[in-house]
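S.K.: So that we are looking at the same thing, I have put the structure below in structure tokens.
The values are calculated or read from the model by the stated rules, or taken from the named source; none is laboratory data. What you see is a predicted model; the values in this text were computed from it and never measured. Quick reminder, even Gly has a Cβ in these numbers, built from the backbone with ideal geometry, and neighbours come from all protein chains shown.
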Amino acid sequence: MRRSTLVVTLAVSTLLAGCGSNTPSSSTTSAGGSSSSSSSESATSSGGSSAASFPATVTAANGQVTIPKQPQRIVSLSPTATEDLFAIGAGKAVVAVDALSNYPANAPKTTLSGLTPNIEAIAKYKPDLVVASQDSGGLVAGLKKLGVPVLIQPAAQKIDDAYTQINGLGTATGHPREAAKTVMTMRTQIASEVAKGGKHPGVSYFWEVSAAPYYSATSTTFIGQVVGQFGLTNVADKASKAADGGYPQLTPEYIIAAKPQLIFLADADAANGGQSVAKVMARPGWAAMPAVQNKNVIPVNADLASRWGPRLPQFVAAIAKAVSGVKGGASGSASSSAA
């Protein structure tokens, strides 16, 4: 799913609704008995070991969901869930994925939609498990009538939520060990990339979700927390209001006055606005910004930035590369490459 399109939709919806939503905290108990805090999902299996065991119960955003036997026909309506399923070895059981699931290449892509799900169209695939990021169009209730369990795994609020969802899918699909290994690998790779990038206190950045109007992501969002690992200062934070849900709309004047030393373009892909370094430079008043003057305008891969699955380390690596050559100070004199 394209992050800039998704995030703008979420941001505008939050503004119109006048409120934000937070997923309640829960804990995940691993086979070994360890426990960690999470805001997404917890999972337990009846066997109490790291081996596959059914029936299995997973506590997701839509409550406790019991999977009676190991799924053989999984439908994924979430690009992140699709990547998760294939990463943990459950790909062979996936019979259909939504139209936005473009990775991995061998995922059985269809015209199904997780945003506007069609119960009848989903049922044609005879699923024994459906995974989605939201309960749209009566998805859970509609499939419940058909006896099909549904796991709702919403957008991660924190990096740990991503790990918890992967472990939850491991339990739900009978691949708990593979899921745990995937999470361990992600943790190791992310820690390595953060160390490579280093900490940059005092360096400011602007994360562009969309242009005309300009939407950004604050430090409270998943994106903000990923970038925050490098100690950067988010210029959107001071403009954020509770009703924004972490995605405030900013005026060009505000952004120019903030003088960000780094600008990340999450709307660089053609499908998401096609913004570029050249277009940023041509915006009235933007050429004087430190980020533009020092060639620290970085287009971001929309797919990597819009998902919280197994390719998250690649996203962190891209941020690490962008910040590694930037030093603190008002002028942001050191530059990193502008792709």
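Yes or no, residue by residue, for (1) buried (at least 21 other Cβ atoms within 10 Å of the Cβ); (2) on the phi < 0 side of the Ramachandran plot; (3) of a type in the set (Ser, Thr, Tyr):
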| residue | (1), (2), (3) |
| --- | --- |
| Thr57 | no, yes, yes |
| Ala60 | yes, yes, no |
| Gln70 | no, yes, no |
| Phe86 | yes, yes, no |
| Lys109 | no, yes, no |
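S.K.: Every residue in the stretch 118-145 that is crowded, with 16+ Cβ neighbours inside 10 Å and of a type in the set (S, T, N, Q), please.
M.R.: Of everything in the stretch 118-145, those that are crowded, with 16+ Cβ neighbours inside 10 Å and of a type in the set (S, T, N, Q) turn out to be Ser133, Gln134.
S.K.: Taking the stretch 206-221 as the search range and keeping residues that are more than 12 Å from Thr251 (Cα to Cα) and of a type in the set (Phe, Trp, Tyr), which one is surrounded by the most Cβ atoms within 10 Å (Cβ to Cβ)?
M.R.: Of everything passing the filter in the stretch 206-221, Trp207 is surrounded by the most Cβ atoms within 10 Å (Cβ to Cβ).
S.K.: Further question on the same structure: Show the residue pairs meeting these rules: Cβ distance below 6 Å; 6+ apart or different chains; first residue within the stretch 129-150 and farther than 23 Å from Lys92 by Cα and free of Cβ contacts under 8 Å to residues at least 24 places away in the same chain; second residue assigned to a helix (DSSP H, G or I) and of a type in the set (S, T, N, Q).
M.R.: Matching pairs, first to second residue: none at all.
S.K.: Let me ask something additional. Only one of these is modelled with pLDDT under 95, surrounded by fewer than 17 Cβ atoms within 10 Å (Cβ to Cβ), outside the structural domain of Pro252 (by TED's automatic domain parsing) and farther than 30 Å from Asp160 by Cα: Ala339, Ala334, Ala270. Name it.
M.R.: Details: Ala339 fails: farther than 30 Å from Asp160 by Cα; Ala270 fails: outside the structural domain of Pro252 (by TED's automatic domain parsing).
Within the list Ala339, Ala334, Ala270, the selection yields Ala334.
S.K.: While we're looking at this one, here's another question. Return the residue satisfying two criteria in turn: it lies in the stretch 312-330 and is without any contact (Cβ under 8 Å) to a residue 24 or more places away in the chain and part of a helix (DSSP H, G or I), and of such residues it is surrounded by the most Cβ atoms within 10 Å (Cβ to Cβ).
M.R.: Of the stretch 312-330, the ones without any contact (Cβ under 8 Å) to a residue 24 or more places away in the chain are 314, 318, 325.
Subset that is part of a helix (DSSP H, G or I): 314, 318.
On the way: Gln314: 14, Ala318: 20.
Only one residue fits best here, namely Ala318.
S.K.: Ok, one more. For the stretch 184-202, indicate whether the set of residues that are in contact with a strand residue (DSSP E or B) (Cβ under 6 Å, 6 or more places away or on another chain), buried (at least 16 other Cβ atoms within 10 Å of the Cβ) and touching a residue at least 12 places away in the same chain (Cβ under 8 Å) is non-empty.
M.R.: Filtering the stretch 184-202 for residues in contact with a strand residue (DSSP E or B) (Cβ under 6 Å, 6 or more places away or on another chain) gives none.
Within the stretch 184-202, none of the residues are in contact with a strand residue (DSSP E or B) (Cβ under 6 Å, 6 or more places away or on another chain), buried (at least 16 other Cβ atoms within 10 Å of the Cβ) and touching a residue at least 12 places away in the same chain (Cβ under 8 Å).
S.K.: Still on this model: Filter the stretch 126-170 down to residues that are touching a strand residue (DSSP E or B) at 6+ places or on another chain (Cβ under 6 Å), of a type in the set (Val, Ile, Thr) and more than 14 Å from Ile74 (Cα to Cα), then give me how many there are.
M.R.: Looking only at that region, the number is 2.
S.K.: Here is a further query. Which one is surrounded by the most Cβ atoms within 10 Å (Cβ to Cβ), of the residues in the stretch 235-255 that are within 23 Å of Pro284 (Cα to Cα) and among the hydrophobic types (A, V, I, L, M, F, W, C)?
M.R.: The extreme case among them is Ala236.
S.K.: I've got another one for you. Take the stretch 256-267 and flag every residue that is over 22 Å from the mean Cα position of the chain (by Cα) and either over 10 Å from Phe206 (Cα atoms) or surrounded by fewer than 24 Cβ atoms within 10 Å (Cβ to Cβ) (or both).
M.R.: Ile256, Ala257, Ala258, Lys259
S.K.: Those residues that are assigned to a helix (DSSP H, G or I) and surrounded by fewer than 23 Cβ atoms within 10 Å (Cβ to Cβ), I need them from the stretch 301-311; list them, please. Walk me through how you get there before you give the answer.
M.R.: So the first thing to find is which residues in the stretch 301-311 are assigned to a helix (DSSP H, G or I), and the list is 302-306.
Passing the criteria: Asp303, Leu304.
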